[in-house]
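Enquirer: Sharing a structure, written as structure tokens. Questions coming.
Any read-out appearing in this document is the output of simple, stated calculations on the displayed coordinates, not a laboratory observation. The structure presented is a predicted model; accordingly, all values stated were derived computationally and were not measured. No Cβ is skipped: glycine too gets one built from the backbone with ideal geometry, and neighbour counts run over all protein chains shown.
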Amino acid sequence: MDSKLAQTAALLVADGKGLLAADESTGTIEKRFESVGIVSTEESRRAWRELLFTTAGLGRTISGVILFDETIRERASTGKTMVELLTAEGILPGIKVDRGTHPLAGADGELVTEGLDGLRARFDEYAALGARFSKWRAELTITDRGPTPYSIHVNAHALARYAAISQAAGIVPIVEPEVMMEGGHDIRRCFEVTEAVHEALFEELVRQRVVLEGCLLKTNMVLSGKEAAKRASPDEVAEESLRCFRRTVPAAVPGIVFLSGGQEDEESVVNLDAIGRLVRRRAAPWPLTFSYGRGLESEPMRAWAGQSANKAAAQAALLHRARLTSLASLGQYRDAR
């Protein structure tokens, strides 16, 4: 086992800390900026990221930040790289390496994540730029007939190949098979699909000789669909999520980080808190924490609104959201409100 990979993975899931997923593509960040009246330009994107990464004290609750390709190459107004800004705060820099979802041939309406071509060379470059961990996301949607076993297998195989290449470069892989919230399915259906996805993923990870002790799982909570007639309560979400993970995630995995996965900001924190409280009562074999993007960034982005005069207010909002989410990961959010 590579002790360096295991040590980095352990740092990322340290008690009370989680990840900031600041890896939005140019198209995604343009939509988010537009929603609060900000024009997306190279300069406005740089200013936003500099605002996030120069927030004093962020390292108390954020262990790592996932970056986009543009971001890991950027320099702040001071001339320092974004990686240097994060490192100064004691935060590990990571990088999203997949190249997005595309239609899966032979599977009507289903998707596969691409980006394996040339990945080894890209990892060499990202390592030189300072990346300590990486992320690859697969997207699986619940329908009447899907996701099919074929799409689950193809995406699991791609995740495992990515993870093996990442570890060969000395970079901790975060494998992210996201079962989407869209749809009217109940929590039982989400459980069934998440269980099948995790089983296929870990089978492939072992087959591809990925060292589980140096790999993290980023996954969805087990939730009702957004359009479900009756949404499951936070306590149900906690019970079913932990039950699913106990059945599918090996104890060798150093930790699980949750994506907010289309949940509203408050919903994602309340559900995380319910999971944290359950873990306090019923120990789990791995730490469970967060890897949130919009759930941490929405409030600060609204406070900033693209105006330099609002920088302090935006940074205060970021610290506030990060603190609340950290408390939730420990099961202490309800008591802190």
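Enquirer: Kindly indicate the residue of the range 271-285 that is of a type outside the set (D, E, K, R) and surrounded by 19 or more Cβ atoms within 10 Å (Cβ to Cβ) and also nearest to the chain's Cα centre (by Cα) among those meeting that condition.
Expert: Among those that are of a type outside the set (D, E, K, R) and surrounded by 19 or more Cβ atoms within 10 Å (Cβ to Cβ), it is L272.
Enquirer: Does K4 satisfy the condition of being assigned to a helix (DSSP H, G or I) and more than 27 Å from P173 (Cβ to Cβ)? Before the answer, list the steps.
Expert: On the way: assigned to a helix (DSSP H, G or I): yes; more than 27 Å from P173 (Cβ to Cβ): no.
Judged against the criteria, K4 is not a match.
Enquirer: Same structure, new question: Of all the residues that make up the range 85-111, how many are farther than 22 Å from G293 by Cβ and either surrounded by 15 or more Cβ atoms within 10 Å (Cβ to Cβ) or touching a Leu at 6+ places or on another chain (Cβ under 7 Å) (or both)?
Expert: So the count comes out to 4.
Enquirer: Which of the residues that make up the range 128-164 are part of a strand (DSSP E or B) and under 20 Å from M221 (Cβ atoms)?
Expert: From the range 128-164, those part of a strand (DSSP E or B) are 133-140; that's our starting set.
Result: K135, W136, R137, A138, E139, L140.
Enquirer: Here is a follow-up. Could you list all residues from the range 204-231 that are out of contact with any His (no Cβ under 7 Å at 6 or more places or on another chain), surrounded by fewer than 21 Cβ atoms within 10 Å (Cβ to Cβ) and touching a residue at least 40 places away in the same chain (Cβ under 8 Å)?
Expert: R207, Q208, R209, V211, L212, E213, K226, E227, A229, K230
Enquirer: Here is a further query. Report whether or not T28 is part of a loop (DSSP other than H, G, I, E, B) and either without any contact (Cβ under 8 Å) to a residue 24 or more places away in the chain or closer than 30 Å to D144 by Cα (or both).
Expert: On the way: part of a loop (DSSP other than H, G, I, E, B): no; either without any contact (Cβ under 8 Å) to a residue 24 or more places away in the chain or closer than 30 Å to D144 by Cα (or both): yes.
Judged against the criteria, T28 is not a match.
Enquirer: Further question on the same structure: Just to be sure I understand the filter: pairs with C-beta atoms under 9 Å, separated by 6 or more residues or on different chains, first member in the range 61-86 and aliphatic (A, V, I, L, M), second member part of a strand (DSSP E or B) and surrounded by fewer than 24 Cβ atoms within 10 Å (Cβ to Cβ). Which pairs pass?
Expert: Pairs found: V65/A22; V65/L92; I66/A22; L67/A22; I72/T81; M82/R75; L86/L92.
Enquirer: I've got another one for you. Under the condition of being surrounded by fewer than 22 Cβ atoms within 10 Å (Cβ to Cβ) and of a type in the set (A, V, I, L, M, F, W, C), which residue from the range 172-186 is farthest from V112 (Cα to Cα)?
Expert: If we take residues in the range 172-186 being surrounded by fewer than 22 Cβ atoms within 10 Å (Cβ to Cβ) and of a type in the set (A, V, I, L, M, F, W, C), then M181 is farthest from V112 (Cα to Cα).
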